[in-house]
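The values are calculated or read from the model by the stated rules, or taken from the named source; none is laboratory data. In this text the structure is predicted, and so the values were computed from the model without any measurement. Please note: Cβ atoms are built from the backbone with ideal geometry, for glycine as well, and neighbour counts cover all protein chains shown.
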Amino acid sequence: MSHPTKPARRSLRCDLFLGLSLVVALAVSLGLTVAPADARVADRDLYAAGARSADGPAAGKRLSGRIVVLDPGHQLGNHNFPDQINRLVPAGGFKKACNTTGTATDGGYPEATFTFEVSRLLRKRLEAAGADVIMTRKTNSEKRWGPCINVRGRAGNKAGPDHTGADLKISIHGDGNIGGGPGFHVIAPTDRKPWTHDIYKPSRRLAKVVRHKLHQGAHLPYAGYIAGGDGLDFRSDLGTLNLSDIPTVMVEMGNMRSAADAHRMTTVKGRKVYARALFRAIRAYLA
């Protein structure tokens, strides 16, 4: 037996369901969905936590009041000024040549360009975190030379409003060991009175933090051809370290004569890996 009213009610329910479905679909397409209040709070908190863990500006000004010196090794035009870069300058109880030309990849990509580009990327991150950054050179030009190692070594010693010096200095380089294989190593000063005795311990700690962030953080290999293959070296013959009054390390970011390292060094993506690792090391050291 037929019941004429039941089909009508089923039709009405279907029409209502279809109508609501169309409304929801339209709202979603227009971005008009509204989450419950507790879900919005949870999403907001999750975003805030993610922002706090970021490396960029959203991380806040954690390094406000800090002063960091970045020393991009060499200058692109050093080879054009042999008289200037070969003259002897103080290097911490002895004299050495003002500067050198640096090395390059087998394809001709200069160390000077690599170090300058990594330093620029690192400076951007540091300034976004609130730090003041001093660069020992602000250009990468064939028409310029230097600065000399004595100038780079003393950079930052009197920085700050009270002239007590910057918080740290990192000298960025690329090695040129033919046949040595890939890998980085960090160089810290030895304990040498009267030159580096005051910065030996904090520089050693900085070196270990940098080594950790490059190796464990960025998964970069230690250079196996130098200093026992553990990524850490101590030297007393470098004016950049000897003349510093602030915690200082020199980092050979990789071997430019290694095909693996050269590939990383010559790409924007690779240079960002180096800059990010150094930024995290600086942030950890100053925490």
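Figures for the structure shown
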item: Condition met for residue 178 (in the same structural domain as residue 211 (by TED's automatic domain parsing) and either surrounded by fewer than 21 Cβ atoms within 10 Å (Cβ to Cβ) or under 21 Å from residue 101 (Cβ atoms) (or both)); result: yes
item: Qualifying residues in the range 249-287 (those that are assigned to a loop (DSSP other than H, G, I, E, B) and surrounded by fewer than 21 Cβ atoms within 10 Å (Cβ to Cβ)) - the one farthest from the chain's Cα centre (by Cα); result: 257
item: Residue list for the range 231-257, filter: in contact with a strand residue (DSSP E or B) (Cβ under 6 Å, 6 or more places away or on another chain) and acidic (Asp, Glu); result: 233, 252
item: Contacts under 9 angstrom Cβ, first residue in the range 222-249 being farther than 12 Å from residue 90 by Cα and assigned by TED's automatic domain parsing to the domain that holds residue 185, partner hydrophobic (A, V, I, L, M, F, W, C) and at pLDDT below 95, 6 or more apart; result: 233/227; 234/227
item: Test: residue in the range 203-213 that is touching a residue at least 12 places away in the same chain (Cβ under 8 Å) and not in a helix (DSSP H, G or I); result: no
item: Search result, residues across the range 222-244 that are of a type outside the set (Val, Ile, Thr) and assigned to a loop (DSSP other than H, G, I, E, B); result: 223, 224, 225, 230, 231, 236, 237, 238, 243, 244
item: Matching entry among 115, 100 (being in the same structural domain as residue 145 (by TED's automatic domain parsing), closer than 18 Å to residue 241 by Cβ, in a helix (DSSP H, G or I) and not hydrophobic (A, V, I, L, M, F, W, C)); result: 115
item: Checklist (1) crowded, with 24+ Cβ neighbours inside 10 Å; (2) within 20 Å of residue 126 (Cβ to Cβ) applied to residue 188, failing item; result: (2)
item: Hits in the range 124-165 - residues which are within 15 Å of the chain's Cα centre (by Cα) and surrounded by 20 or more Cβ atoms within 10 Å (Cβ to Cβ); result: 125, 126, 129, 131
item: Residues that are farther than 13 Å from residue 76 by Cβ and among the hydroxyl-bearing types (Ser, Thr, Tyr), drawn from the range 129-156; result: 136
item: Scan of the range 78-112 for residues that are of a type in the set (A, V, I, L, M), closer than 29 Å to residue 262 by Cβ and touching an Asp or Glu at 6+ places or on another chain (Cβ under 8 Å), ordered by number; result: 104
